[in-house]
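> One structure is given below, represented as structure tokens, and several questions about it will come after.
The values are calculated or read from the model by the stated rules, or taken from the named source; none is laboratory data. Model, not experiment: these values are computed from the prediction. Because the Cβ atoms are built from the backbone with ideal geometry, glycine has one as well, and the counts that use them run over all protein chains shown. SASA here: full protein model, heavy atoms, side chains in, ligands and nucleic acids out. Shrake-Rupley method; radii C 1.70, N 1.55, O 1.52, S 1.80 Å.
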Amino acid sequence: MIRKSVAVLAIASLVFTVSCKENAALRIDEETAKKAEIAHAESGKLPVMKFENLEYDFGTVNEGDKVEHVYTFTNEGSADLIINEVKPSCGCTVPDYTKTPVKPGDSGEIKVTFNTNGKSGNQNKTVTVTSNTEKGTETLKFTANVTPKAGGIGVTPVKGK
């Protein structure tokens with residue numbers, strides 16, 4: 001009698017498990033199908049970030065100056081463009097950028113402030129922009145020739161000799 005009850009319970013739980021799995025599989029398939037349908041409908045709808053220029057030359061600047069440049073871009077795609085991160089190559093560069101979604105056809109800005117304090121000579125810096133475009137990242141570049149402060153390092157003449 002106990003063996004028969006155990007066997008019946010085992011068969012019942014097997015049937016129950018299979019039917020639950022079948023229902024779960026159906027739910028997953030329906031959900032996956034909906035996601036696929038939405039993705040298919042939205043395929044080809046991507047933002048495209050187009051910059052007026054990717055490079056800028058500040059020319060000759062004096063050490064200690066803070067210089068700025070604004071990189072302007074247009075969303076030439078068919079979906080909202082969202083900037084996720086703007087990361088400079090060093091701590092001497094501070095970016096500020098459009099933080100709201102940029103609609104197709106609209107423009108946005110990335111302002112870069114370069115602090116030349118402690119810098120001298122030719123400087124080559126980059127700023128990496130991460131966004132929801134197909135490409136994913138853009139690299140902005142700038143250069144500057146920093147003239148060191150006069151009298152900063154050297155020999156100071158001794159008075160009276």
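> Scanning the stretch 89-122 for residues that are of a type in the set (K, R) and over 13 Å from the mean Cα position of the chain (by Cα), which turns out least open to solvent (accessible area, probe 1.4 Å)?
Top of the filtered list is K119.
> Would you check if there is a residue in the stretch 69-88 being over 14 Å from the mean Cα position of the chain (by Cα), more than 17 Å from E138 (Cβ to Cβ) and buried (at least 16 other Cβ atoms within 10 Å of the Cβ)?
Taking every residue of the stretch 69-88 in turn, none turns out to be over 14 Å from the mean Cα position of the chain (by Cα), more than 17 Å from E138 (Cβ to Cβ) and buried (at least 16 other Cβ atoms within 10 Å of the Cβ).
> For a quick check of your reading of the model, give me the residue pairs whose first member lies in the stretch 93-106 and is within 28 Å of F58 (Cβ to Cβ), whose second is part of a strand (DSSP E or B) and open to solvent by 60 Å² or more (accessible area, probe 1.4 Å), with beta-carbon atoms closer than 6 Å and at least 6 apart or on different chains.
D96/K111; T98/E109
> Next question, about the same structure. Check L140 against each of (1) crowded, with 18+ Cβ neighbours inside 10 Å; (2) over 14 Å from the mean Cα position of the chain (by Cα) and name the one condition it does not meet.
(2)
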